[in-house]
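This report concerns only the one structure given below.
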Amino acid sequence: MAYKVFIHSSSKDIDIVQDLANRLEIAGIDVDYFNGLISPDKPIAVTNKALREADEIFVILSSESMDDPNLMVALGAAASTRRRVTPIVIGLETAQVPSLIKSLKYVRYADLNRYIVDLATRTKAA
Amino acid sequence: MKSNGNPDSYQMAKSSKRQKRLRYLVFISHSSLDAWVAKAMVEKIEALGAECWLDEKDLTGGDVIAAEIIRGINACYEAIVLISPNSVKSQWVPFEIGGARAQHKRVTPILNNVKPQQMAPLKDIKAIDLNSFDDFLAQLKRRISEMRRKKA
């Protein structure tokens, strides 16, 4: 069964999500995403359902979305259900990255190609 | 605690095991800027015979914060979230909400000078105003009794 990544983001970062989803699909990885546009009143229900089905969660954090509490909710939900969670940080200086994100292993958008190659290798080996 | 063959020790081990089984842990999510209010809530909850997970007493130097928070959530029966002008700006409070709700734990928002809609991830849950905290305590007391009756 193909490795499945769920991308969680704010609706403000939809362009980034679509670019990321394309790159993951090219690498042979299944992608699902939540951009804050689906069921805006029930983000937790949507996130929890997606978490159950995903092998890894990407959470997009940009200058546009760093104040969105739903991103931190998704991180907590992923950590709580023992899913691998990878924050993707875009356009933030290190000092701007929230301490919660710093406590996890995060990937900068500029390093994303290398991470996707590693991910594809890891999933093929599994 | 393991028994060492001594009858007193055996009774103590048995009693400790029973206490652990009947332990009712409440996870307290709050901003560190609201520590005084959180501690006051803890005192009232512990007076009912429950225990509380509170970052200030349960986190120690060198702990990996996110991992310890998740351990606290795993162990709790329910969580309360103190929603205030400080916690709506916090990163850790929504992280804890996500952790508790992903495990389908009961989460009660306690509002302190904010409107329920100010904490978006909890707007589908009935909140209790801090001034009505006694109502929450009465409900909590019933849940503790019910749990202990089932496990006794």
Flagged pairs (Cβ under 6 angstrom, 6 or more apart or on separate chains; first in the stretch B:93-122, within 19 Å of A:Asp67 (Cβ to Cβ) and more than 7 Å from chain A (Cβ to nearest Cβ); second in a helix (DSSP H, G or I) and among the aromatic types (Phe, Trp, Tyr)) are none
Flagged pairs (Cβ under 6 angstrom, 6 or more apart or on separate chains; first in the stretch B:127-140, farther than 18 Å from B:Glu46 by Cβ; second assigned to a helix (DSSP H, G or I) and not charged (D, E, K, R)) are B:Ala127/B:Pro116; B:Ile128/B:Phe136
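Yes/no matrix, rows are residues, columns are (1) modelled with pLDDT under 95; (2) more than 15 Å from B:Ser29 (Cα to Cα); (3) surrounded by fewer than 19 Cβ atoms within 10 Å (Cβ to Cβ):
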| position | (1), (2), (3) |
| --- | --- |
| B:Ser90 | yes, no, no |
| B:His104 | yes, yes, yes |
| B:Pro116 | yes, yes, yes |
| B:Asp124 | yes, yes, yes |
| B:Arg143 | no, yes, yes |
| B:Arg149 | yes, yes, yes |
| B:Ala152 | yes, yes, yes |
query = Is there a residue in the stretch B:59-71 that is small (Gly, Ala, Ser), within 11 Å of chain A (Cβ to nearest Cβ), over 14 Å from the mean Cα position of the chain (by Cα) and assigned to a loop (DSSP other than H, G, I, E, B)?
reply = no
Restricting attention to the stretch A:8-23, the residues that are under 23 Å from A:Met72 (Cβ atoms), touching a residue at least 60 places away in the same chain (Cβ under 8 Å) and outside any loop (DSSP other than H, G, I, E, B) number exactly 4
By residue number, the members of the stretch B:40-58 that are modelled with pLDDT of 95 or more and either within 14 Å of chain A (Cβ to nearest Cβ) or over 21 Å from B:Lys20 (Cβ atoms) (or both) are B:Ala40, B:Met41, B:Glu43, B:Lys44
Just one listed residue, out of A:Glu25, A:Glu53, A:Glu93, A:Glu64, is over 12 Å from the mean Cα position of the chain (by Cα), modelled with pLDDT under 90 and away from chain B (no Cβ under 14 Å), and it is A:Glu64
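The values are calculated or read from the model by the stated rules, or taken from the named source; none is laboratory data. What you see is a predicted model; the values in this text were computed from it and never measured. Virtual Cβ from ideal backbone geometry, glycine too; neighbours counted across all protein chains shown.
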